[in-house]
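One structure is given below, encoded as structure tokens.
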Amino acid sequence: MLQQSPRTATGNRLAAEICAGLTRPGQKELPSKYLYDEVGSALFEAISVLPEYGLTRADVRLLRTHAPEIIAHLPLPVTVAELGTGSGRKTRWLLEALARRRPSCYCPIEISRSALAMCRRELGDIDEISIVGYEGEYLEGLAQVAARRRDGEHLLVLFLGSTIGNFERPAAVKFLGEVRRILRTGDSLLLGTDLEKPVAQLLAAYDDPLGITAAFNLNLLARVNRELDADFELTRFRHLARYNPAARSIEMHLRSTCAQRVSLRAAGITLTLREDETIWTESSHKYAPGDITGLAAAAGFGCAAQWFDHEWPFAESLLIAA
Ligand SMILES: C[S@@+](CC[C@H](N)C(=O)[O-])C[C@H]1O[C@@H](n2cnc3c(N)ncnc32)[C@H](O)[C@@H]1O
């Protein structure tokens, strides 16, 4: 295991970021990365198999079909770093294709301790792959992986499942630019992007009738209660998924069903919420197929190859650091 953030520093960052989001003038926000504690990561795994949520299945179809071709593009030896692995289940296809060519190292980078543990259990049986995990933020983990690479070793970064969609569009360019600066010319980034599709289909994917996505969203308030000694009353909030046509994104919010006050005792703040006021918890931006090469170029990458799923429009793009 690479260096782990000290518990207190992680806790302080969580408290500071949550307070900043909830006390900002105008729209209250909670950072989406905090959706993933142990409960949140387990609920996300359930979401990924819901009939309405076709995104993960599309990603799996592409990786299962094209993994050998993707790996054939890479110079060897290669170290694989994955940003935000979740369970890592989909990554098996790539790692098995890589292991058939050469023993390699896989570095999962995860903010969620339980997701990182799931990923180790899921992929730990691939004989030719050694796993070195990092519990922490994407760029901090990637910088550590890059610092430990050997001379002549290629780095493949995986950013699957359209997690890039959680960034506002300018922030996505900035983030990929920061990834690029950590890499060397010729290194690779395999980027998943969810593509535009009918709004009704998107809304169903983010507001399923079983209520799993609602529970995933509400768990963020439960987490704040647990970790910041807060008193959010969960029955006074409703999950809301809506499409923002200007941003071409699905937004998830938590809507307050009444006027209320909430205290976050460990953070020393009290909030007031109006009836129907929302807390914005996540955005999922959708891309047109033609957007991706422009996004990549703006961040300093060229596009070597792309694979598309047509059943649930989704793209996997192999980008090369220019
Ligand atoms: C949408 S899930 C995707 C999981 C998986 N890649 C997939 O495609 O199914 C995003 C994952 O990234 C992790 N994550 C979110 N923000 C992060 C951050 N800033 N640094 C590291 N991991 C993060 C979450 O814990 C979660 O497991």
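The values are calculated or read from the model by the stated rules, or taken from the named source; none is laboratory data. As the structure is a prediction and not an experimental result, all values here were calculated from the model. Cβ atoms come from the backbone with ideal geometry, glycine included; neighbour counts cover every protein chain shown.
Some values worked out for this structure:
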| read-out | value |
| --- | --- |
| Members of segment 185-206 that are charged (D, E, K, R) and out of contact with any Leu (no Cβ under 8 Å at 6 or more places or on another chain) | E196, K197 |
| Single residue of A115, A81, A46 found to be surrounded by fewer than 18 Cβ atoms within 10 Å (Cβ to Cβ), within 16 Å of the ligand (Cβ to nearest atom) and not in a loop (DSSP other than H, G, I, E, B) | A46 |
| In segment 93-112, the residues that are of a type outside the set (A, V, I, L, M, F, W, C), within 12 Å of the ligand (Cβ to nearest atom) and in contact with a Leu (Cβ under 7 Å, 6 or more places away or on another chain) | P108, E110 |
| Evaluation of V262 against (1) exposed (fewer than 13 other Cβ atoms within 10 Å of the Cβ); (2) in contact with a strand residue (DSSP E or B) (Cβ under 6 Å, 6 or more places away or on another chain) (one fails), failing number | (1) |
| Residues that are within 30 Å of L155 (Cβ to Cβ) and surrounded by fewer than 23 Cβ atoms within 10 Å (Cβ to Cβ), drawn from segment 191-207 | L195 |
| Segment 125-142, subset away from the ligand (no atom under 12 Å from the Cβ) and at pLDDT 95 or above, residue farthest from L98 (Cα to Cα) | V132 |
| Count of segment 27-41 residues which are more than 11 Å from the ligand (Cβ to nearest atom) and among the acidic types (D, E) | 1 |
| Segment 141-156: number of residues that are farther than 12 Å from V179 by Cβ and either surrounded by fewer than 16 Cβ atoms within 10 Å (Cβ to Cβ) or touching a Cys at 6+ places or on another chain (Cβ under 7 Å) (or both) | 5 |
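Residue-wise test of (1) among the hydrophobic types (A, V, I, L, M, F, W, C); (2) under 26 Å from the mean Cα position of the chain (by Cα); (3) at negative phi.
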position	(1), (2), (3)
Y243	no, yes, yes
I250	yes, yes, yes
H253	no, yes, yes
R274	no, no, yes
W307	yes, yes, yes
